[in-house]
1. From the list Glu21, Glu80, pick out the single residue that is modelled with pLDDT of 95 or more, out of contact with any helix residue (DSSP H, G or I) (no Cβ under 7 Å at 6 or more places or on another chain), open to solvent by 10 Å² or more (accessible area, probe 1.4 Å) and charged (D, E, K, R).
2. Kindly indicate which of Thr47, Thr32 is of a type in the set (S, T, N, Q) and in contact (Cβ under 8 Å) with a residue 40 or more places away in the chain.
3. Would you kindly identify the strands (runs of 3 or more DSSP E) lying entirely within segment 234-280 that contain at least 3 residues that are closer than 26 Å to Asn156 by Cα and in contact (Cβ under 8 Å) with a residue 12 or more places away in the chain?
4. Can you work out which of the residues in segment 24-47 that are open to solvent by 90 Å² or more (accessible area, probe 1.4 Å) and not in a loop (DSSP other than H, G, I, E, B) is nearest to Lys174 (Cα to Cα)?
5. Select, from Asp212, Asp208, the only residue that is surrounded by fewer than 13 Cβ atoms within 10 Å (Cβ to Cβ) and either of a type outside the set (Phe, Trp, Tyr) or in a helix (DSSP H, G or I) (or both).
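The values are calculated or read from the model by the stated rules, or taken from the named source; none is laboratory data. None of these values were measured; they are calculated from a predicted model. Here the Cβ positions follow ideal geometry from the backbone for every residue, glycine too, while neighbour counts run over all protein chains shown. These accessible areas exclude ligands, DNA and RNA; they are computed on the full protein's heavy atoms, side chains included. Shrake-Rupley method; radii C 1.70, N 1.55, O 1.52, S 1.80 Å.
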Amino acid sequence: MIKFAFFGSSKFSVIVLDELELHGFIPICVVTTPDKPKGRKLVMTPTEVKLWAQKRNIKAFDPMKLDDLFRDGLAKEGCEVFVVASYGKIIPGTIINLPKYKTLNIHPSLLPKYRGASPLQSAILDDAKETGVTIMRIDERMDHGPIVAQEKVTVNEWPAYEKFEETMAKVGGKLLAKILPEWIAGKIEEREQDHSAATYTKKITKEDGLIDFNDDPYLNFRKTQAYHEWPQAYFFAERNGKQIRVKITGASFKDGKLAIEKVIPEGRREISWEDFNGRR
């Protein structure tokens, strides 16, 4: 059994954990971000990774800072390797180099393409249907470390973000399960990235979801898919003399046109596009 710690915080992380568990790889501990207030009542809520660990009686660390005190506590777990998948914080060199076999990261792009925080959304927006997953050894620069393994993924039609995320996380989890024993055995030779070919993604903001109906309809469709989970594509419409925000929750691309199917008008529940257009 390989003793590893898992760093992650998001739904992507949990899908990777489920896939690893399916293949017989279970972390001895997880490291995630601290509980955050959620909902209208701002109830302090743990990350999905912490909940996953608690259900399995696995130790969960959720430090505010990755300082020396945390490093010393983690060192006592005796991990051979660390695994990172959508953790959300920069991990210092004193931690990534702590285990004997260093720290591996699952990144949902074919590095050096799409380094940064939003590789999945960026692939959809760019219509980059030849994509994939990279397992790299982390160094102290963002998505810069040497490549350990890659697997290509071809997309025929763009699904909503959540489905694309699930697909890529499962590919990443399977790939890691396949190569991890070989990595520990020293049978994999890492290779340097071609840094001259690197591209970078940006942090998504709520404003990015705004749809301009004068733009290319296929681009607008890709926006509805890329931003389906957050911030959701939206436009403004006039109702009863007032400008309201309307979120697009369902859409398709047909005959060269954006076909909106479901929306959430500001202050209302989700309704069909037909009902929205009939409501004045």
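1. Glu21
2. Being of a type in the set (S, T, N, Q) and in contact (Cβ under 8 Å) with a residue 40 or more places away in the chain holds for just one of Thr47, Thr32, which is Thr32.
3. 242-254, 257-265
4. Lys36
5. One residue alone meets the criteria, Asp212.
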